[in-house]
Amino acid sequence: MTRAYMHELFRKFEYDPDIFLDLSLYEKAKQGGYSSQTVDALFDRHSGQKDRLSFAVLQGENVIGQVDLKHIDPVAKTCELSIHLQSDGVKNKGYGTQAEQLAIAYAFETLGMDRILADTVTKNTRSQHVLEKLGFRCINEANGFRTYQLNR
């Protein structure tokens, strides 16, 4: 993920209510709109984290999402997978599944991870379906979230 890609992603980003446990936060995010300063701060924060790798999800030349491997622990050989797609217009077309497959392969084959975790808001059944399709299994459900795990 580059700074320019992140700006492109967020200029057209549409927040999905299914990713928010607290819908008041969804309303606040939706009303905030695109801010160059906010995106720069987010990019700086993410790129400054030594235990995080962020990748742009591309459709041709266009950025349509971001997939992250975060909380990378080379000693425990674990990390966490997350993804955000730009809008409903690019969802349900396989882009997210393909991006997550590539990130999983990178985590196992390049980073040497043994376990990948991911979580979703309980009502986000679309994300849960993709994780289960990729072989993740639900290991916990608490406080409005489901936690999934995939072992090498």
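Data for the structure
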{"quantity": "26 Å Cα cut-off, lysine pairs counted over the chain (separation 8 or more, or different chains)", "calculated": "25"}
{"quantity": "Dipole in debye (nearest 20) - the chain, about Cα centre, beta carbon charges: Lys, Arg +1; Asp, Glu -1", "calculated": "100 debye"}
{"quantity": "Long-range HN-HN contacts of residue 119 with modeled amide H, under 5 Å", "calculated": "148"}
{"quantity": "Additional length obtainable on full extension of the chain from residue 46 to residue 34, 0.36 nm per residue less Cα span", "calculated": "2.6 nm"}
{"quantity": "Among beta bridges that DSSP assigns inside the range 60-129, antiparallel share in %, nearest 5", "calculated": "70 percent"}
{"quantity": "Correct choice for Rg and Dmax of the Cα atoms in Å that was computed from the model, options [x] 17.6, 54; [y] 16.0, 50; [z] 15.2, 41", "calculated": "[z]"}
{"quantity": "Label-to-label distance, nm, for residues given as residue 4 and residue 61 (7 Å Cα→Cβ offset)", "calculated": "1.1 nm"}
{"quantity": "Cut-off 12 Å, label 7 Å out along Cα→Cβ of residue 93, residues of the range 38-74 by amide N", "calculated": "58-65"}
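Values quoted throughout were computed directly from the atomic coordinates according to the rules given, and no laboratory measurement underlies them. Since this is a predicted model, take the numbers as computed values, not measurements. Neighbour counts run over all protein chains shown; Cβ positions are idealised from the backbone, glycine included.
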